[in-house]
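The values are calculated or read from the model by the stated rules, or taken from the named source; none is laboratory data. Predicted model, so just to flag it, every value in this text is computed and none were measured. All Cβ positions, even for glycine, are placed from backbone atoms using ideal geometry, and neighbour counts span all protein chains on display.
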Amino acid sequence: MEPSQRDEVVRRVQAGERDAYRLLVDDLEREVRGFVASRATSLELVEEVVQGAFVEAYRNLATYELRGTFGAWVKGFARNLLRRELAQRARLVSADEEVLEGLVAQSAISDLEREADDNRRDDLARIERCLAALSPRARLMAQRRFVEQVPINRIAQQFKQTRAAIANALTRIRSGLRTCAGASGEVAPLQVDVA
Amino acid sequence: MNEARLDELLEAYLDQDLTPEEAGELRDLVEENAALRERFVGEVRWHLRLGDRLHVPAIPLTARVAAMLEADEHEPRTADAVAARIATRSSRRHKISVRLRRRRMPMTPWWMAIAAGLLVCVGLFWTLQGDASAVATVRGERGVIERAGVTVRLSAQAQPLNEGDVVAADGVELLLRYHDGTTVELSAGGRLTVIGGTRQGAKRLELEQGGLLARVAKQRAGEALVVATPQANATVLGTTFRVRVESLGTRLVVDEGRIAFAKRSGGAPIEVAGGRSALAGIDGSLALVEPPARAVAANTAKAWTPEPFSPTGGRPFTDDSPYNLAIPAKPVLDRDSAAMAARLATQTAVLALFKHALPLYDADANTPVRRVTSVRRDRQWPADQPVRVPDGVRPNSGSNRALVVLDWNARRAFELYRFAWDGDGIRIEGGGSVPFDGNGVPIPASGYAGGSYLAGLLRVREIAQGRIPHALAFGTSFARKGMWRHPAQQTDGKLTGPDTIPVGARIQLDPALDLDAIPGLTPGERTIAVALQTYGAYCVGASGEPFLFFCELAPDAVDGADTGAVYTANGLANERTALRHIPFTSLRVLGTWDGRAAAP
């Protein structure tokens, strides 16, 4: 939707047509999710913050002024929620796993504070082209891990390899995808060795 | 080499499948090496971005937002409000949830359409995820399947079972579930081989060590479930029973139904009916066993009077401590009591009886004084402190490596977290102390987020005596974020929602329940149930388990399968003993600790 179209939907919701809010959620989900995912410490946090941002935006909809900035307005709620959650996680110092999450949170906080506004967009189409450029075996492994979110132990069982070997392969796949996604131009076949 | 190991641990971290040892190892790796730390953080964040871009959650965002807003607008004021929770495990820790509530006002078309669609989506999701054959799922931390020489570590995702698989429960119970609804819980430390029946035909399991609890759906004629052990075969048509391989032989306990129990060496079987047990001895004997004597309560509720707290008896803290005051006759409940109780009731309540049980040590004026240094300096432990600690004390083997020293000279409990000897001194990563003669609410908190380790701790001697004269303490993975209530002083909860449990919340088992009418209640369960009716239990913080009661580590405990003579004699034999017979569907949550208000 164009900003002006979004504002028109907001106006309808503000006037009492609650059903229409769904259109805004559908339209902005990808953008808000991408903003949050690049700064979160877990997928759990991504879901919680994205959901919370849209709920908070709805609750405060009466205060939104129709200036074509609804997307940024929702991301503002997401940013505040993220800031609060990351700060809490960064302070965790007891259990080992909490310390590890705290390290990721500290890194995410730095990014959150550095950027006034988010212009980063993960080009899903490019990432999918990069995925397709992997060898069939690597592509299957990536599909299992990133799309289906299969645990590594099960992938190891399916590929008849050790956990360590699969971990090593996934690191190479991630690295290859990151390089490919960050580049421009045509996507060349990705040479990633997975035994 | 470190990078390769980091990558392996990283993947386990992303799966939330690190063992405590691996978590410690990963932490050490990234804390000691800046390059590895940067690699770890970078890989985690890129993995999340990839996962977010590529993975499609099972429940659409619009549905989740709709449900949250609906819950916002319509609080469950009516006594018969119905909350249905639909969860999917598509993300690291969080169960994406949607709440459907019966409302006084009709739903708007959008909300109803979303809710209906959600039910269909979830139904389809579970259908697509389901497997027609037998599957094994882990309840708790870990287990393994050995198949054709390959060891596969289990996770919370269901793993199909094949004939010939060897299943080993490493640390906590494992649940095997068959397509006809038959379930078999393998005890912590147990090991069995799946001989047959994973797809069709008679189910046959060979129990090599440990114990199992089976709830067997009615089987077809000629396809009885058979559990074989080194000494015996138990042939089951449909019932609930336990089998355990012990040093003396194989013990069978039947909760419901009837089982034909025979020696493997041959001979006529004996029939073991519900409520009875039998032993197939290593000497070739086979006989019914008389039921174990129920532990005699020291006092009845009316006659009991508190005794002073001492190394041999009594309870700590004042009589008016939140932990020692009985719940009044008609307490005011939390307005979300039904929802919170329903959430807890969906889980199996278990006792921490070994790895995360707390060892208690006595100290007196003759006990050596040690310098205790905390890596974490905070209000609880701002500087090195001298503490009387006996020689040779050891913490529990869980990730918190905790122990408690009861200093009878100072009349304080010293609660030490991540305990380690450092020469003659002691190093911890946090701790505190609480006076025996106070109200049990140290400021700042000395143990869990919600209070002292000692407060609410289930003691061995209390099980032996058949009486717990105080509230219990439990942890839950449903602890609420951002709020707590007295006697807690902080929260480590991570979840939101009216059915999450505030740290400090006090639960109570319906006092009107007739415990004598509950079949199969073990002596230990009965003792605990009475305490829950009289004193209830406090949520003391977040835990990895959904519903976990904290207990003293018995001095004679050996491992997860041998929790000590007293616990074992009272039916609390395993590290994560499930309180299966206590009807937690009859729980309620008080508004305040004293039951006088609906909310703090």
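Given the criteria on the phi > 0 side of the Ramachandran plot, crowded, with 24+ Cβ neighbours inside 10 Å and touching a residue at least 60 places away in the same chain (Cβ under 8 Å), does residue B:466 qualify? Answer is no for this residue.
The number of residues in the range A:135-166 that are of a type in the set (S, T, N, Q) and either buried (at least 19 other Cβ atoms within 10 Å of the Cβ) or facing another protein chain (nearest Cβ under 8 Å) (or both) comes to 3.
For the range B:17-30, taking the residues that are within 8 Å of another protein chain (Cβ to nearest Cβ) and not basic (Lys, Arg), the one that is nearest to residue A:151 (Cα to Cα) is identified as B:17.
Checking B:310, B:285, B:321, B:277 one by one, the residue that is out of contact with any Phe, Trp or Tyr (no Cβ under 7 Å at 6 or more places or on another chain), modelled with pLDDT of 80 or more and more than 30 Å from residue B:457 (Cβ to Cβ) is B:285 and no other. What about residue A:89, is it crowded, with 20+ Cβ neighbours inside 10 Å and either within 12 Å of chain B (Cβ to nearest Cβ) or at pLDDT below 85 (or both)? Criteria met by residue A:89. Just to verify a result, which residue in the range B:510-528, among those that are among the hydrophobic types (A, V, I, L, M, F, W, C) and surrounded by fewer than 23 Cβ atoms within 10 Å (Cβ to Cβ), is farthest from residue B:571 (Cα to Cα)? Applying the filter and picking the extreme gives B:512.
Of the residues making up the range B:538-565, those that are in contact with an Asp or Glu (Cβ under 8 Å, 6 or more places away or on another chain) and crowded, with 20+ Cβ neighbours inside 10 Å are B:541, B:542, B:560, B:561, B:563, B:564. When residue B:361 is tested against the conditions (1) closer than 24 Å to residue B:549 by Cα; (2) touching a residue at least 40 places away in the same chain (Cβ under 8 Å); (3) in a loop (DSSP other than H, G, I, E, B); (4) in contact with a Pro (Cβ under 6 Å, 6 or more places away or on another chain), the lone failure is (3). Tell me yes or no: at least one residue of the range A:179-190 is under 20 Å from residue B:9 (Cα atoms), surrounded by 20 or more Cβ atoms within 10 Å (Cβ to Cβ), modelled with pLDDT under 85 and within 9 Å of chain B (Cβ to nearest Cβ). No; the residues of the range A:179-190 include none that is under 20 Å from residue B:9 (Cα atoms), surrounded by 20 or more Cβ atoms within 10 Å (Cβ to Cβ), modelled with pLDDT under 85 and within 9 Å of chain B (Cβ to nearest Cβ). Look at residue B:49 and say whether it is facing chain A (nearest Cβ under 7 Å), buried (at least 19 other Cβ atoms within 10 Å of the Cβ) and not aliphatic (A, V, I, L, M). Considered against the rule, which asks whether it is facing chain A (nearest Cβ under 7 Å), buried (at least 19 other Cβ atoms within 10 Å of the Cβ) and not aliphatic (A, V, I, L, M), residue B:49 comes out as yes.
Would you point out the residue of the range B:573-583, among those that are in contact with a Leu (Cβ under 6 Å, 6 or more places away or on another chain) and either among the charged types (D, E, K, R) or within 28 Å of residue B:331 (Cβ to Cβ) (or both), that is surrounded by the most Cβ atoms within 10 Å (Cβ to Cβ)? Across the range B:573-583, the extreme among qualifying residues is B:575.
Please specify each residue of the range B:398-407 satisfying the condition of being modelled with pLDDT of 85 or more and either part of a loop (DSSP other than H, G, I, E, B) or closer than 25 Å to residue B:20 by Cβ (or both).
Within the range B:398-407, the first condition is being modelled with pLDDT of 85 or more, and the residues that meet it are B:401-407.
Once the filter is applied, which keeps residues that are modelled with pLDDT of 85 or more and either part of a loop (DSSP other than H, G, I, E, B) or closer than 25 Å to residue B:20 by Cβ (or both), the range B:398-407 yields B:401, B:402, B:403, B:404, B:405.
Restricting attention to the range A:151-190, which residues are of a type in the set (A, V, I, L, M) and either free of Cβ contacts under 8 Å to residues at least 24 places away in the same chain or over 13 Å from residue A:132 (Cα atoms) (or both)? Those that are of a type in the set (A, V, I, L, M) and either free of Cβ contacts under 8 Å to residues at least 24 places away in the same chain or over 13 Å from residue A:132 (Cα atoms) (or both): A:152, A:155, A:156, A:164, A:165, A:166, A:167, A:169, A:170, A:183.
Hey, among the residues in the range A:2-13 that are surrounded by fewer than 17 Cβ atoms within 10 Å (Cβ to Cβ) and either touching a helix residue (DSSP H, G or I) at 6+ places or on another chain (Cβ under 6 Å) or polar (S, T, N, Q) (or both), which one's nearest to the other protein chains (Cβ to nearest Cβ)?
Filtering first and then ranking leaves A:12.
From the list B:405, B:375, B:332, B:393, exactly one residue is over 26 Å from the mean Cα position of the chain (by Cα), farther than 30 Å from residue B:511 by Cβ and of a type in the set (A, V, I, L, M). Which is it? Steps first, please.
On the way: B:405 fails: over 26 Å from the mean Cα position of the chain (by Cα); B:332 fails: farther than 30 Å from residue B:511 by Cβ; B:393 fails: over 26 Å from the mean Cα position of the chain (by Cα).
Checking each option against the conditions leaves just B:375.
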